[in-house]
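K.L.:
Take this structure, written in structure tokens, and hold onto it; I'll ask about it next.
The values are calculated or read from the model by the stated rules, or taken from the named source; none is laboratory data. Bear in mind that the values here come from a model prediction, so they are computed numbers and not experimental data. Cβ coordinates were reconstructed from backbone atoms using ideal geometry, including for glycine residues, and neighbour counts include every protein chain displayed. For accessibility, only protein heavy atoms count, side chains too; no ligands or nucleic acids. Shrake-Rupley method; radii C 1.70, N 1.55, O 1.52, S 1.80 Å.
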Amino acid sequence: MASPRSVLARDKLMRTAERLYAEHGFASVSVTKIGEAAGQRNKSAVQYHFNNRDELIIAILERHMARIEKHRVAMVEALGAVGEVPLEERIRCHIQPNIEHHIELGTPSWYGRFLAQVIVEPNLREYAIQAHGKLPSVRRLDELGRVQWRDDDRALIAQHHEMIRQLTVHMCAEVEYDLAHGRIDPAAAEESWRRLGENLIQAICGLSVALLGNR
């Protein structure tokens with residue numbers, strides 16, 4: 001069992017790393033700098049708690065994924081056991097949990113920009129994609145999609161998933177950036193996130209119909 005002090009130190013390192021990575025990118029932030037910014041006297045604090053940089057990043061990513069998954073599981077369970085689910089409802093189950101999580105994070109937040117860094121870092125990108133694909137709610141949504149898409153071209157379906165990922169991640173990063181830099185009034189944060197969510201759902205529905213058929 002980790003001591004309360006260790007748990008607090010670990011949490012502070014994760015929150016500090018997320019902010020620094022979001023604002024400056026992975027290449028510009030050393031683990032030593034993270035420890036110093038988190039108020040750790042031990043220069044090897046990150047290595048002590050996480051072994052290395054990538055394990056720190058994965059820990060941050062997993063914490064967010066777990067919170068998003070709670071929202072998505074509830075939405076997927078509400079679909080019931082029916083085999084035919086309208087396209088818009090499936091897409092909503094993919095997008096809305098992310099939007100709810102961003103709203104819960106408040107302003108300023110850093111997760112959107114942090115995730116945008118993750119998906120362009122080769123090793124971390126592969127981990128993030130695989131971990132997301134293994135989530136129970138995502139696997140259920142994929143099962144629903146497989147029985148309803150008209151096209152059995154696996155390469156096309158994979159590219160379709162990639163387009164959704166890029167659009168969702170980078171648009172969330174854009175809104176988060178605008179909120180952090182005063183381009184959107186913080187008082188309108190929730191409205192801005194919900195508008196983005198609805199726009200993403202409609203855009204992805206259109207993309208899905210164009211590529212995979214109207215199901």
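K.L.:
Quick one: in region 82-110, of everything that is within 14 Å of the chain's Cα centre (by Cα) and among the polar types (S, T, N, Q), which residue is farthest from ASN199 (Cα to Cα)?
P.N.:
Filtering first and then ranking leaves SER109.
K.L.:
Report, ordered by the first and then the second residue, all pairs with beta carbons closer than 6 Å, sequence separation of six or more or different chains, a first member in region 1-19 that is in contact (Cβ under 8 Å) with a residue 24 or more places away in the chain, and a second member that is of a type outside the set (Asp, Glu) and open to solvent by 60 Å² or more (accessible area, probe 1.4 Å).
P.N.:
Correct list of pairs: GLU18/TRP110; ARG19/TRP110.
K.L.:
Suppose we filter region 178-197 for residues that are within 12 Å of HIS102 (Cα to Cα) and buried (at least 18 other Cβ atoms within 10 Å of the Cβ); how many remain? Let's see the steps before the verdict.
P.N.:
Keep residues of region 178-197 that are within 12 Å of HIS102 (Cα to Cα), which gives 179, 189-194, 196-197.
Retained after the next criterion (residues that are buried (at least 18 other Cβ atoms within 10 Å of the Cβ)): 179, 189, 192-193, 196-197.
The number of residues fulfilling the criteria is 6.
K.L.:
Now a separate question. Filter region 116-132 down to residues that are open to solvent by less than 30 Å² (accessible area, probe 1.4 Å) and within 17 Å of ARG67 (Cα to Cα) and give me whichever is farthest from the chain's Cα centre (by Cα).
P.N.:
Residues of region 116-132 open to solvent by less than 30 Å² (accessible area, probe 1.4 Å): 116, 118-119, 124, 128, 131.
From the residues that got through so far, the ones that are within 17 Å of ARG67 (Cα to Cα) too are 128, 131.
Values: ALA128: 9, ALA131: 11 Å.
The residue in question is ALA131.
K.L.:
Considering each residue of region 172-196, count those that are under 24 Å from ARG19 (Cβ atoms), assigned to a helix (DSSP H, G or I) and out of contact with any Pro (no Cβ under 7 Å at 6 or more places or on another chain), and give that number.
P.N.:
As a first pass, look at region 172-196 and keep what is under 24 Å from ARG19 (Cβ atoms): 172-190, 192-193, 196.
After this cut, where a residue has to be assigned to a helix (DSSP H, G or I) as well, the list is 172-180, 186-190, 192-193, 196.
Next, from what is left, pick out any that are out of contact with any Pro (no Cβ under 7 Å at 6 or more places or on another chain): 172-178, 186-190, 192-193, 196.
Count: 15.
K.L.:
Then there's this: Restricting attention to region 44-92, report how many residues are of a type in the set (Val, Ile, Thr), exposed (fewer than 15 other Cβ atoms within 10 Å of the Cβ) and within 19 Å of LEU8 (Cβ to Cβ). Lay out the reasoning, then the answer.
P.N.:
Here is the first cut: in region 44-92, the ones of a type in the set (Val, Ile, Thr) are 46, 57-58, 60, 68, 73, 76, 82, 85, 91.
Restricting the remaining residues to those that are exposed (fewer than 15 other Cβ atoms within 10 Å of the Cβ) gives 82.
Keeping just the survivors that are within 19 Å of LEU8 (Cβ to Cβ) gives none.
Looking only at that region, the number is 0.
K.L.:
Being more than 16 Å from ILE60 (Cα to Cα) and surrounded by 14 or more Cβ atoms within 10 Å (Cβ to Cβ) is the filter here, so list the residues in region 12-35 that pass it.
P.N.:
Once the filter is applied, which keeps residues that are more than 16 Å from ILE60 (Cα to Cα) and surrounded by 14 or more Cβ atoms within 10 Å (Cβ to Cβ), region 12-35 yields THR32, LYS33.
K.L.:
Go over the candidates ILE103, ILE157 one by one and state the one that is β-branched (Val, Ile, Thr), at pLDDT 95 or above and surrounded by 15 or more Cβ atoms within 10 Å (Cβ to Cβ).
P.N.:
On the way: ILE157 fails: at pLDDT 95 or above.
When all the criteria are applied, what remains is ILE103.
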